[in-house]
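What follows is a set of notes on a single structure, which appears directly below.
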Amino acid sequence: MTQWRKSSHSSGDSGTDCVEVAALVRGVGVRDSKDPDGGHVTIGRASFAALLVRAKAGALDLR
């Protein structure tokens, strides 16, 4: 069974603006926690790592 984890940086006091990630056989799955049955996007591990580096560096407008 796939174990989804919610981002510790999810915004909003109600917890409704959340992203979940999971380690998958072919990469990293990303989904909207409000709609867990709505599917997910699979990103390669290297691409996901690069995304995290850019996000942590403030290179993305995530507001």
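Odds and ends about this structure:
- Using the empirical formula 2.2 N^0.38 Å as the baseline, the Cα radius of gyration of the chain reaches a ratio of 1.14.
- Between C18 and A46, the C-beta separation translates, for a Förster distance of 25 Å, into a calculated FRET efficiency of about 0.55.
- Restriction of the trypsin sites (Lys or Arg not before Pro) in region 21-56 to DSSP coil positions whose beta-carbon has at most 15 other beta-carbons within 10 angstrom yields R26, K34.
- Here the Karplus relation 6.51 cos²θ - 1.76 cosθ + 1.60, evaluated at θ = phi - 60°, turns the backbone of region 44-60 into coupling constants of x, 4, 5, 5, 5, 4, 5, 4, 5, 4, 5, 5, 5, 7, x, 7, 10 Hz, with x for every Gly and Pro.
Coordinate-derived values only; no laboratory data. Computed from a prediction, not measured in an experiment: that's the story for all the values here. Counting neighbours? That spans all protein chains shown, and the Cβs are built from the backbone with ideal geometry, glycine included.
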